[in-house]
Amino acid sequence: MRFLLYFLHLMLLLLGAAVPSAQAWGKEGHYMVCKIAEELFSKRAKAAVLNLLPESAGGDLAAVCSWADEIRFRYRWSSPLHYVDTPGVCNFNYSRDCHNSKGIQDMCVVGAINNYTTQLLTYQHSSSGYNLTESLMFLAHFIGDIHQPLHVGFEDDEGGNTIIVHWYRRKTNLHHVWDTSIIETAMKDFYNNDVDVMLEAIKMNITDEWADGVKDWKKCREKSVTCADKYAAESITLSCDYAYKDVEQDITLGDDYFFSRIPVVEKRIAQAGVRLAQVINHVFRKRGKMENLELLSQKLHQIHLI
Ligand SMILES: [Zn+2]
């Protein structure tokens, strides 16, 4: 019996070790981002999203909001698209930072958001063969990721992945603290261990405490397809001012860190949700005649090229 227990214990340990470390907002974070967005979709956006979702989603975008994490080991090329690193500086520069480890440009979370938004613009005009179901699931996930501050972190420590810390008594790393631990502790301490209770509290803040700022969240002066550059710049600033601040290898993080960082995490989840809705509504908005003609001529051009 004792041996059996020991064996079971060992198996559990091995299983635990085999689970890849989280590389994104945990499931709860992504779920809340998509849930917030869904309620802000326009009629057209809602219909298009329903049309594109895979059957497994059961009509709920939030159900497939972590799909991109589940397939990142199958679609190996997609792994660098979840984040972007800077060379140890607190600002973001697209041409300097947006590349994968082989130096291929645009292979980062900012490039991915721009790319999948562009693909979705071909909805109902598509002659391109894009899998728009995947484009939608990628986009919904990456807009969440880019708002997790340490998804725009320093190259040397892999966005906090190599900084080992103790979250209260549990050994983990700084990246994981921001993906998952802060949210889990908040759920446990404030929200009855129920993600929907946490979600309601965040949604209430959007219409209440943060209401004045929401207009600014949506402001986009960039010339590129989306405002992803702006989101990345905000995240690296938050990484420097909150995530990395006063943290060193092997430190124990507890109440002081938790209480001063949880407002940042909740606000980033809210911003990601509001902006995901904004991008999706923009993509599926009613188009003018001129735009339709332009898309049609691109389509004809492509056919001609083929
Ligand atoms: Zn991710």
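Each residue of the range 272-286 in order: what ³J(HN,Hα) in whole Hz does its phi give by Karplus 6.51 cos²θ - 1.76 cosθ + 1.60, θ = phi - 60°, with x for Gly and Pro?
4, x, 4, 6, 4, 4, 4, 5, 5, 4, 5, 4, 9, 5, 5
Can you give the three extents of the C-alpha atoms in the range 23-305 along their principal axes, from longest to shortest, in whole Å?
The principal-axis extents, from largest down, are 62, 41, 36 Å.
When a/c reaches 1.5 or more, the comparison of a/b and b/c decides; with that in mind, is the range 193-266 rounded, prolate or oblate per its Cα gyration tensor?
Details: a/c = 2.57, a/b = 1.23, b/c = 2.09.
Oblate, because a/c is 1.5 or more while a/b does not exceed b/c.
Quick check on my link table: of K203/K230; K171/K218; K35/K188; K46/K218; K245/K267, which ones sit more than 26 Å apart, alpha carbon to alpha carbon?
Violating the 26 Å Cα-Cα cut-off are K171/K218.
Starting from the amide H of N173, placed 1.01 Å from N in the peptide plane, find each other amide H under 5 Å away whose residue is 5 or more places distant or on another chain.
So N173 has HN proximity to V165.
Compute the FRET efficiency between D250 and E70 as 1/(1 + (r/R0)^6), taking r as their Cβ-Cβ distance and R0 = 30 Å, and round to the nearest 0.05.
Plugging the Cβ-Cβ distance into 1/(1 + (r/R0)^6) gives 0.40.
Order these by the 10 Å Cβ neighbour count, fewest first: H175, H166. It would help to have the intermediate numbers written out before the result.
Values: H175 26, H166 14.
Fewest-to-most Cβ neighbours within 10 Å comes out as H166, H175.
Where does the charge balance sit around P263 when Lys and Arg score +1, Asp and Glu -1, over other residues with C-beta under 15 Å from its C-beta?
Every neighbour counted, the sum reads -4.
Mind sorting S95, S101 by how few other Cβ atoms lie within 10 Å of their own Cβ, fewest first?
The order, fewest Cβ neighbours first, is S95, S101.
What is the fewest-to-most order of F154, F190 by other Cβ atoms lying within 10 Å of their Cβ?
The order, fewest Cβ neighbours first, is F190, F154.
Give me the tail of P(r) for the range 42-88 as a percent: Cα-Cα pairs with distance above 18 Å.
Working: 533 of 1081 pairs.
Everything past 18 Å amounts to 49 percent.
No lab work stands behind these numbers, since they all come straight from the coordinates. All figures in this text were calculated on a predicted structure; none of them were measured in a lab. Every residue, glycine as well, gets a Cβ built from its backbone with ideal geometry; the counts of neighbours run over all protein chains shown.
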